[in-house]
Amino acid sequence: METRTRTRRFLTIEMRNRYSVLLIFTVILMSVVPLIAGDELAIFSMKLVLSVILLVGIYAGRRMHRDLVVGGALGIPVLVGRWMPQYSSDIRVFFAIDILTAVFLLYVTIMILNQVLSARRVTFDTIAGAVCAYCLIGLAWAFVYRSMFVMNPHSFVFASESFAHIFENHSQSEPQLMNFAYYSFATLTTTGFGDITPALGPSRAMSVLEAAAGQFFIAILIARLVSLELIHSTRRDQE
């Protein structure tokens, strides 16, 4: 009986902090992994952290058994395919895994947003879930941009030759993902430094779509969280 009680308490704590765990690994991927020196170690570290994000994403995004099944169906092939030797040697496998990864991340984002927007009160984990969803949108688009570049290197134009040289040297490597994540988040936040420019119709369309998604995300989410906090404060004052 005591063992069951401890297990339930552990699962309750884990459920309440699932977005926080996902956020921690997402921040590690974007801020710590790029600082690792050495191509081999960087590739392994990025694959490892991405695999953890995929696994935690399946758990954090599910609300019902159906969500877990769909998340597993999308996430497991991506998780396995990323460690296959063909991922680095076969451009078709590389393209398919990157697109599936983007689809999976967007699916998890929708699941998280569904839970955040339907929450009855604002907690730290709710805010962490909102931040996770924003970060996952940027990462999902980064995979789309990278797959577009691999299939057609003329999809983007670079302001300097040295910057373009970075992309050309690692057209199918994991470290290159952070370069496209840089462009993705610059587009998502509508910063637009101008050192990377979409040159073809598909890349321009995806860039415009991401910029619009970033603006709508912030406007809608902040309005929802503020309204939840006002409702909770009103109820607390009445009590």
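For segment 91-146, what does the accessible surface come to per residue with a 1.4 Å probe? Please give it in Å². The partial results should precede the final answer.
Working: 2050 Å² over 56 residues.
Per residue, segment 91-146 has an accessible area of 37 Å².
Treat each spin label as a single point 7 Å out from the Cα along the C-beta direction, and report the L230 to R204 distance in nm.
4.1
Which value in Å is the Kirkwood Rh of segment 41-159 over different Cα pairs? Intermediate values should be presented prior to the final figure.
Details: mean 1/r = 0.0656 Å⁻¹.
Taking every pair of different Cα atoms in segment 41-159, averaging 1/r and inverting gives 15.3 Å.
What does the highest-first list of 102-111, 191-200, 123-132 look like by mean Cβ count within 10 Å?
Ranking, from highest mean packing down: 102-111, 123-132, 191-200.
F156's amide H: which non-local residues (gap 5+, or another chain) put their own amide H closer than 5 Å, with H modeled 1.01 Å from N in plane and none for Pro or chain starts?
When sequence neighbours closer than 5 places are left aside, the close amide H contacts are A199.
The values are calculated or read from the model by the stated rules, or taken from the named source; none is laboratory data. Quantities reported herein were computed from a predicted structural model and do not represent experimental measurements. Cβ atoms come from the backbone with ideal geometry, glycine included; neighbour counts cover every protein chain shown. Keep in mind that these areas ignore ligands, DNA and RNA; they rest on the heavy atoms of the full protein, side chains included. Shrake-Rupley method; radii C 1.70, N 1.55, O 1.52, S 1.80 Å.
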